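Undergrad: There's a structure below that I have some questions on.
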Amino acid sequence: MTMNSLGRSRLRLPTVSVAALAAALVLAAPGPAASDGGEGAPDIAQVTTTFPRAVALGDVEHGRELWEFECAACHEMGRGAEDGIGPQLNRVFGRRAAAIADFPYSDSIIRMGRDGLTWTYRTLDAYIENPYALVSGTRMSYPGLEDADDRADLLAFIRLYSDQPADIPEAEPTARRVEVELPPEVLEIRGDREWGEYLASECTTCHQRDGAAAGIPSITHWPEDRFVVAMHAYREGLRPHSTMQNIARRLEDEDIAALAAYFATIDD
Amino acid sequence: MTIKRRTVLAGMAAGSAVLAAPAVMGAGRPKVVVIGGGSGGATAARYLARDSRGALDVTLVEPTRTYYTCYFSNLYLGGFWDLADLGHSYGTLAARHGINVVHDWAIGVDRDAQTVTLAGGDVLPYDRLVISPGIDFVEDSVPGWSVAAQNRMPHAYKAGSQTELLKAQVENMREGGVFAMVAPPNPYRCPPGPYERISMVAHVLTERNPTARILLVDPKENFSKQGLFEEGWARHYPGMIERIGPDFGGDNVSVDPEAMTVDIDGVVEEVDVCNVIPAQQAGRIAHLAGLTNDAGWAPVLPADMRSRMDDKVFVLGDASAQGDMPKSGFSANSQAKVAANTIRHELLDARLFPARYANTCWSLIATDDGVKVGATYEPTDEKIATVEGFISQTGEDAELRRQTFEESIGWYNGIVADMFT
Ligand SMILES: Cc1cc2nc3c(=O)[nH]c(=O)nc-3n(C[C@H](O)[C@H](O)[C@H](O)COP(=O)(O)OP(=O)(O)OC[C@H]3O[C@@H](n4cnc5c(N)ncnc54)[C@H](O)[C@@H]3O)c2cc1C
């Protein structure tokens, strides 16, 4: 599937509605605090829906099935979990992106980890929905999980392998299901290329027109929807990076569409 | 004259070809002269020529054949960048964009006749004039120092041979010697520039001459990124740097270049290297053209960098008095694009877009320890005003600082490509 055909429904971002389903959601942690390597983390087979209030976040049992089907080929969780094709995901809530020492992460996710990307409900939701939208050059070759309910269920399950939720400020008790999307109208805006060209002159002080990338990534010839999603992710603070957030915050939806149109077809 | 031109502009805005015609078609293509081929001028010339695809006659007047950027010249001092990589030529602007690059000094502007006179005798007519001459120093702002003394006490605040000289002096300083800097009062080009320089000198001395001392004499209470610099100095160069602010007489300084002494509020210090960065004002040609105010800067309209003295003239970069934007290469580059769009609108009826101003300034404190500060800006009635800013934080981890430094290299390559390719 190309990014373009993923299209409307796939490209959802936390911009509009914020529906908090579980107000006072407190997940009990299974077992004592675990070290990063998974010591003390529950055995994956033992974790079941014995945490009823987790249902408020999502259906853990369904999440577990999704985990087996969607993620387990590459990731491990639970006691003794090791890195596989992907890094182990014990205590991933509250963890800095790309924090497992020695795991051969992509440059892209390493960069964002340094910028401050931390795994919270919101950032995990966005990453699982569309890995490339959050981390352009990620090595995780996973097409994304489109259905918001599925993601909520999956994250409820993954949460069981993270620390005492109350100890992780971003995660819980505030971990809530954030149901947000970039409305189709926004993705349908046809970019005014000439306006985009003018706006782009702000970008080319740093991003080179010919696509050269040393120290600052290339933004030329991207599929437009991927570009739009990335810019919204900076604007909403989902992608860390003070400079890009600052720049994106004064861009209107139309500006972003115009920039996407221009950079997609830029000729040096 | 001004009133008549306003009428013409109003006509153009309303789409009146009849009124527009004489101004635009008169002597063939409309002429824009750009004085100064630095951050503001080179960007303006390039955007004017490129975006008008030959419809404008663009002349760039710049005396030097190679522009040495001030940005990264501190990194050259510190041994992190080559001199050759600071230099950029105008070849591509001429060959690719059809800009007439004239290597000469502008020595006069006749704003009534709309002409610029060059030292070589040429007289260039213009429909619009852009000037971006950078800064000149205020005479006697540091008593005892004058441009004639710049070989004994370099300023290195225009890059090139001055930077080379200062680097050689630092590297050859006697063991345990004293490096002094006389920092400038506000406003001046590149607010963090002197402090990045202190960092780079400290880096060199720590490696080559660790018992040397650095004396920073500063007339200002506070300075740009102060917390970040002071944290970095304490960490990387403990005990080496002493800053004498205004509370200890840092605002009452004179120098004696022959004796190599600095007099700080009556206390005379013998020094081995002395970097004097005097108070600054708009480049001389802005004064000669009658575009400056009492403070020595050229006031402009926030919406498009148009001179408040003459609406056919645009002043960019360090020379302009515009409001909140720092005097930086990034700012000058950003302002140039706004002015270029306005000029193309007025002369070629191109679409006019609202101003978008921005700036980010990186500084290197030590190896792989980069920091940055930046903001977006918008025109208000009164000035260019800050919308929202950001700054690196103290206590950031080493990886992030390294990444910030790498980013600055990306920016350097980006901005010089945006000016010269
Ligand atoms: C040490 C140092 C570090 C800096 N670091 C940074 C940084 O990291 N980032 C940043 O954004 N900025 C930095 N700056 C600031 C930056 O260099 C200036 O703000 C910027 O270059 C200003 O652009 P400008 O067009 O106004 O002037 P300039 O770039 O100085 O260009 C002026 C040009 O006009 C020419 N000129 C002058 N008079 C005439 C005349 N009469 N006729 C024809 N030509 C003329 C000059 O030869 C010169 O080439 C730094 C400055 C210094 C000194």
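The values are calculated or read from the model by the stated rules, or taken from the named source; none is laboratory data. Worth saying up front: this structure is predicted, and the values here are computed from it rather than measured. Virtual Cβ from ideal backbone geometry, glycine too; neighbours counted across all protein chains shown. Each accessible area value is taken on the protein alone, full model and side chains, heavy atoms only, with ligands, DNA and RNA left out. Shrake-Rupley method; radii C 1.70, N 1.55, O 1.52, S 1.80 Å.
Undergrad: Based on the Cα atoms of the range A:184-264, what semi-axes does the equivalent ellipsoid have, where each is the square root of 5 times one gyration tensor eigenvalue, given in whole Å with the largest first? Could you put the intermediate results ahead of the total?
TA: Values: eigenvalues 63, 48, 25 Å².
Working from the Cα gyration tensor, I get semi-axes of 18, 16, 11 Å.
Undergrad: Quick check on the range B:140-278: take the gyration tensor over C-alpha atoms, sort the square-rooted eigenvalues as a ≥ b ≥ c, and tell me if it's rounded (a/c under 1.5), prolate or oblate. Present the calculation step by step, with values, prior to reporting the outcome.
TA: Values: a/c = 1.28, a/b = 1.08, b/c = 1.19.
Cα axes put the range B:140-278 in the rounded bin.
Undergrad: With viscosity set to 1.306 mPa s and temperature to 10 °C, compute the Stokes-Einstein D of chain B, Rh being the Kirkwood radius across alpha carbon pairs; µm²/s, no decimals. Numbers along the way, then the final one.
TA: Numbers: Rh = 22.4 Å.
D, rounded to a whole number, is 71 µm²/s.
Undergrad: Using modelled amide H (1.01 Å from N, peptide plane; none on Pro or chain starts), what sits under 5 Å from the amide H of A:Ala214, excluding residues fewer than 5 places away?
TA: Under 5 Å from the amide H of A:Ala214 lies no amide H from a residue far enough along the sequence or on another chain.
Undergrad: Also, quick follow-up: As a quick test, which of the pairs B:Lys337/B:Lys383; B:Lys220/B:Lys372; B:Lys158/B:Lys372; B:Lys31/B:Lys158; B:Lys167/B:Lys337; B:Lys31/B:Lys337 have an alpha carbon distance above 25 angstrom in this structure?
TA: Working: B:Lys337/B:Lys383 18 Å; B:Lys220/B:Lys372 21 Å; B:Lys158/B:Lys372 22 Å; B:Lys31/B:Lys158 29 Å; B:Lys167/B:Lys337 34 Å; B:Lys31/B:Lys337 18 Å.
Checking Cα-Cα distances, B:Lys31/B:Lys158; B:Lys167/B:Lys337 exceed 25 Å.
Undergrad: I would also like to ask the following. Taking the Cβ of B:Glu388 as the centre, find all other residues whose Cβ is under 9 Å away and add up their charges (Lys, Arg: +1; Asp, Glu: -1). Mind dumping the intermediate values first?
TA: Numbers: positive: A:Arg249, A:Arg250; negative: none.
Neighbourhood net charge equals +2.
Undergrad: List the residues, sorted by chain then number, that are 5 or more residues from B:Asp251 or on another chain and whose placed amide H is less than 5 Å from its amide H.
TA: Amide H neighbours of B:Asp251: none.
Undergrad: Also, quick follow-up: I want to check the label-to-label distance for B:Thr66 and B:Arg402. Put each point 7 Å from Cα in the C-beta direction and report it in nm to one decimal.
TA: 3.2
Undergrad: Further question: Quick one: putting +1 on the C-beta of Lys and Arg, -1 on the C-beta of Asp and Glu, what dipole do you get for the range B:140-278 around its Cα centre, in Debye to the nearest 20?
TA: Values: 12 positive and 20 negative charges, 114 e Å.
The dipole of the range B:140-278 has a size of about 540 debye.
Undergrad: Please report the antiparallel percentage of the DSSP beta bridges confined to chain B, to the nearest 5. Kindly include the intermediate steps, with their values, before the conclusion.
TA: Working: 39 of 71 bridges.
Restricted to chain B, the bridges split so that about 55 percent are antiparallel.
Undergrad: Set Lys and Arg Cβ to +1 and Asp and Glu Cβ to -1, take the dipole of the range A:178-268 about its Cα centre, and tell me which of A:Val228, A:Ala214, A:Gly196 lies farthest positive.
TA: A:Ala214
Undergrad: Expressed in nm to one decimal, what extension gain is obtained for the pair B:Arg174 and B:Ala94 from 0.36 nm per residue of sequence separation less their Cα-Cα distance? Before the final figure, lay out each step's value.
TA: Details: separation 80, 0.36 × 80 = 28.80 nm, distance 4.63 nm.
Full extension from B:Arg174 to B:Ala94 adds 24.2 nm.
Undergrad: Using a 10 Å cut-off on Cβ to Cβ distances, tally the other chain neighbours for every residue of B:408-421 and report the average as a whole number. All intermediate terms of the calculation are to be shown ahead of the outcome.
TA: On the way: counts 3, 3, 9, 6, 4, 7, 11, 4, 1, 8, 8, 1, 0, 4.
For peptide B:408-421, the averaged partner shielding equals 5.
Undergrad: Still on this structure: Could you do me a favour and compute the accessible area per residue for the range A:181-268, 1.4 Å probe, result in Å²?
TA: 38
Undergrad: Looking at chain B as a GNM with Cα springs under 10 Å, which of B:Leu228, B:Leu129, B:Leu316 has the largest mean-square fluctuation?
TA: Answer for the Gaussian network model of chain B: B:Leu228.
Undergrad: Out of residues 5 or more away from A:Arg239 or on other chains, whose amide H comes under 5 Å of its own, with H placed 1.01 Å from N in the peptide plane?
TA: For A:Arg239, the qualifying residues are A:Tyr234.
Undergrad: Compute the longest continuous run of chain B that contains no exposed GluC sites (Glu not before Pro); treat a site as exposed when its DSSP state is not H, G, I, E or B and it has at most 10 other Cβ atoms within 10 Å.
TA: Details: sites that count: B:Glu175, B:Glu258, B:Glu382.
Segment B:1-174 is the longest.
Undergrad: As a check on your grasp of the helix formula, calculate [θ] at 222 nm for chain B: sum -39500 (n - 2.57) over DSSP H runs of n ≥ 4, divide by the residue count, round to the nearest 500. Walk me through the numbers before you get to the answer.
TA: Numbers: 11 runs with 134 residues, N = 421.
Here the helix-only value at 222 nm equals -10000 deg cm²/dmol.
Undergrad: Out of the trypsin sites (Lys or Arg not before Pro) in the range A:66-154, which ones are loop residues according to DSSP with at most 15 other C-beta atoms within 10 Å? If you can, show how the numbers build up before the last one.
TA: On the way: sites: A:Arg79, A:Arg91, A:Arg95, A:Arg96, A:Arg111, A:Arg114, A:Arg122, A:Arg139, A:Arg151; in loops: A:Arg79, A:Arg91, A:Arg95, A:Arg139.
Loop-located and lightly packed - A:Arg139.
Undergrad: Which one of B:Pro302, B:Pro194, B:Pro210 has the biggest mean-square fluctuation once chain B is modelled by GNM with Cα springs under 10 Å?
TA: Ranking B:Pro302, B:Pro194, B:Pro210 by mean-square fluctuation puts B:Pro210 first.
Undergrad: Ordered by residue, what ³J(HN,Hα) values in Hz, to whole numbers, does the range A:235-245 give under the Karplus form 6.51 cos²θ - 1.76 cosθ + 1.60, where θ = phi - 60° and Gly and Pro are x?
TA: 4, 8, x, 6, 8, x, 2, 4, 5, 5, 5
Undergrad: If you don't mind, another one. Along its three principal axes, how long is the range B:89-200 when you only count alpha carbons? Whole Å, largest extent first please.
TA: Per principal axis, max minus min of the Cα coordinates gives 57, 34, 26 Å.
Undergrad: Still on this structure: Could you give each residue of the range B:57-66 its phi-based ³J(HN,Hα) in whole Hz, using Karplus coefficients 6.51, -1.76, 1.60 with θ = phi - 60°, and x for Gly or Pro?
TA: For the range B:57-66, the Karplus curve yields 9, 10, 10, 10, 9, 8, x, 8, 7, 10 Hz.
Undergrad: Taking each residue in A:202-212, count the Cβ atoms of any other chain within 10 Å of its Cβ, then average. What number comes out?
TA: On the way: counts 8, 3, 6, 15, 12, 5, 8, 4, 2, 0, 4.
The shielding value for this peptide is 6.
Undergrad: Further question: On full extension of the chain, what length is gained from A:Glu252 through A:Asp107, given 0.36 nm per residue of separation minus the C-alpha to C-alpha distance?
TA: Working: separation 145, 0.36 × 145 = 52.20 nm, distance 2.94 nm.
Value of the extension gain: 49.3 nm.
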